[in-house]
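J.: Before I ask anything, here is the structure I am working with.
A short reminder: the numbers here are calculations on the coordinates, not readings from a lab. Please read all numbers here as calculations on a predicted model, not as lab measurements. Note that each Cβ is placed from the backbone with ideal geometry, even for glycine, and that neighbours are counted across all protein chains shown.
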């Protein structure tokens, strides 16, 4: 049996940094983010009997190993340990954008791999369980200094208001404001690749160390996520207001750590603003990756020309979270239909993702 999953990357608009436990254990955190049509693809299958190695992993490196403990890809190793998948096993992954680009690729890989391994074991798993297990591996086991937003976005897809509560409890509320308005908002976005990849851990470690002194800024950024989600739901948000809010949030975020931005990125950002962008932000933790701008369609060529040395990347809204492309299942078809319906719902219900400190149990077949 062979399994192929596709898991979306994300763009976080408001509230980034408030999904860290150093913040939400003192006051709830909140993020407004969306999945986009850039993906991580994971393939898993039982390894052929004529190969000598017990595990073969193909990503930007190739690993041929006999023992689980020898696997150097930490997410792969811990996912296999958690789900107790029998060897021999072949695993391969490829993404639409480089890792370290600020679009949540690490968590998307974790979610997509867990989804693939569960499917290989014929175990049915919900998006909430996918997010929970990915958080457990990345945060509890591997002690990565990251938050909990990326796993939820990768598992559920769509545009969501995600709330983080003490104890690691998370709720995901789809932000439904009509397909036409959603498409109009996305028509105002431009995404530019800086060419800089980075390890987000160092940025996030400094940000976490600074949370006490930057608490007021984080509170304001959290409140902006609340406000933007409410304005979208109520039909009161226009693209210019959205862009100006992005600008304010970005200027606050730059103060959270010394390495979130630099003079080169600041200069690029100001060039885009002078060319007509309402506002924007550096995606992810900072220090490189993608720059997102909100720009009126008639000004987009001017912004594009002002940033001629950068590569623009076209993207669109992605309604679905991690899905099994092969073999197709009725469970995933049902989830896709639910998500499509949600995008046109006036008041969708929140979905709880329980992420306690105790290790989640592997789903039963």
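J.: Using helices alone, I'd like the mean residue ellipticity at 222 nm for the chain: each DSSP H run of four-plus residues gives -39500 (n - 2.57), total over residue count, nearest 500.
T.: Rounded to the nearest 500, the figure is -11000 deg cm²/dmol.
J.: Going by Cα centres, segment 239-271 and segment 1-53 are how many Å apart?
T.: Distance between centres, Cα-based: 25 Å.
J.: Let me ask something else. Please work out the C-alpha center-to-center distance from segment 54-71 to segment 145-178 and express it in whole Å.
T.: 32 Å
J.: Could I ask something else about it? Could you work out the relative contact order of segment 2-353? I mean the mean sequence separation of Cα pairs under 8 Å and 6+ apart, divided by the number of residues, in percent.
T.: 26 percent
J.: Could you give the semi-axes, largest first, of the ellipsoid that matches segment 90-233, computed as the square roots of 5 times the alpha carbon gyration tensor eigenvalues and rounded to whole Å? Display every interim value, and only then the final one.
T.: Working: eigenvalues 123, 92, 67 Å².
Whole-Å semi-axes of the equivalent ellipsoid: 25, 21, 18.
J.: At what distance in nm do the modelled label points of residue 1 and residue 179 sit from each other, each positioned 7 Å from its Cα along Cα→Cβ?
T.: 3.4 nm
J.: Could you tell me which of rounded, prolate or oblate describes segment 195-296, using a ≥ b ≥ c as the square roots of the eigenvalues of the alpha-carbon gyration tensor, with rounded for a/c under 1.5 and, failing that, prolate when a/b is larger than b/c and oblate otherwise? List each step's numbers first, then the result.
T.: Values: a/c = 2.19, a/b = 1.21, b/c = 1.80.
It comes out oblate by the Cα gyration axes.
J.: Taking the Cα centre of each part, how many Å lie between segment 76-90 and segment 96-131?
T.: 14 Å
J.: Given segment 2-353, what percent of its DSSP beta bridges are antiparallel, to the nearest 5?
T.: Numbers: 53 of 57 bridges.
So the antiparallel bridges in segment 2-353 amount to around 95 percent.
J.: Quick one: compute the contact order of segment 236-312, relative version, from alpha carbon pairs under 8 angstrom and 6+ residues apart, as a percent.
T.: For segment 236-312, the relative contact order is 34 percent.
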